[in-house]
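Accompanying notes for the structure given below.
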Amino acid sequence: MARKRKIRYAETYDAFYCTIDDWRREYSFGIKYPESRRDTSGRSYVEWDHVQVVGKIRHHSRGRTTRRRLFETFEVGLCPIHSPRDEWEKDPKDIGGIWMRREANLGFFIDVPVGAYYSLIHSLSANRFKELRVTIRNFLYSRGSVDGIAFNSEETPSEEMY
């Protein structure tokens with residue numbers, strides 16, 4: 001008897017609808033010693049800016065008929081991109097990636113343009129966002145590419161999530 005062959009579609013998409021519970025911003029700035037030979041960037045300083053958003057996953061809709069993963073919480077790391085818009089790729093492959101720390105915890109890291117990044121900080125501090133929706137392309141085991149992110153001021157009704 002011949003075995004059935006699994007058909008894998010070229011692109012699959014997963015969408016996570018999440019509520020935002022907490023967030024924090026981390027910023028550090030430092031001057032490098034001149035004798036530091038390990039750094040090849042030529043800069044005499046180190047600057048690191050990062051926003052961490054934490055919450056619960058309400059719903060996971062998937063673009064294929066496989067077993068659904070049961071994640072409970074999420075972490076999103078937002079980092080600013082300081083390159084001008086005319087230097088961006090015309091067809092970017094992704095804007096970030098994913099990781100899993102525990103079985104029930106899913107994490108994303110996302111690169112955000114500088115203008116949008118600083119606007120997000122003001123909106124998060126004013127508690128304007130209630131929901132976060134992240135779209136992942138080709139999510140398989142612990143790999144995938146973040147395809148899109150959307151911050152919503154209201155939670156999506158349950159009937160619209162399916």
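The values are calculated or read from the model by the stated rules, or taken from the named source; none is laboratory data. It should be emphasised that the depicted structure is a prediction, and the values quoted were computed from it without experimental measurement. Methodologically, a virtual Cβ is constructed for each residue, glycine included, from the backbone with ideal geometry; neighbour enumeration extends over all protein chains shown.
Do you know which of the residues in the range 123-146 that are at pLDDT 90 or above and among the hydroxyl-bearing types (S, T, Y) is surrounded by the fewest Cβ atoms within 10 Å (Cβ to Cβ)? Top of the filtered list is S125.
L120 - would you say it is over 18 Å from H59 (Cβ atoms), surrounded by 15 or more Cβ atoms within 10 Å (Cβ to Cβ) and touching a Leu at 6+ places or on another chain (Cβ under 9 Å)?
yes
Residues that are of a type in the set (A, V, I, L, M, F, W, C), at pLDDT below 75 and farther than 17 Å from Y13 by Cα: does the range 88-103 have at least one? Yes; the residues of the range 88-103 include at least one that is of a type in the set (A, V, I, L, M, F, W, C), at pLDDT below 75 and farther than 17 Å from Y13 by Cα. For the range 115-162, the set of residues classified as in contact with a Gly (Cβ under 9 Å, 6 or more places away or on another chain), of a type in the set (S, T, N, Q) and closer than 16 Å to W99 by Cβ consists of N138, S145, listed by residue number.
For every residue, the table says whether it meets (1) within 26 Å of E26 (Cα to Cα); (2) free of Cβ contacts under 8 Å to residues at least 40 places away in the same chain.
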position: Y118; (1), (2): yes, yes
position: S125; (1), (2): yes, yes
position: E131; (1), (2): yes, no
position: V134; (1), (2): yes, no
position: N138; (1), (2): no, no
position: S145; (1), (2): yes, no
position: A150; (1), (2): yes, yes
position: T156; (1), (2): no, no
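Here is the figure for the range 67-85: residues that are modelled with pLDDT of 75 or more, crowded, with 16+ Cβ neighbours inside 10 Å and assigned to a loop (DSSP other than H, G, I, E, B) total 1.
Does the range 145-162 hold any residues that are among the hydroxyl-bearing types (S, T, Y) and either more than 22 Å from W23 (Cβ to Cβ) or in a helix (DSSP H, G or I) (or both), and which are they? Hits for the range 145-162 are S145, S158, Y162.
Screening the range 108-144 for residues that are part of a strand (DSSP E or B) and closer than 20 Å to H50 by Cβ and picking the one that is farthest from the chain's Cα centre (by Cα) gives P113.
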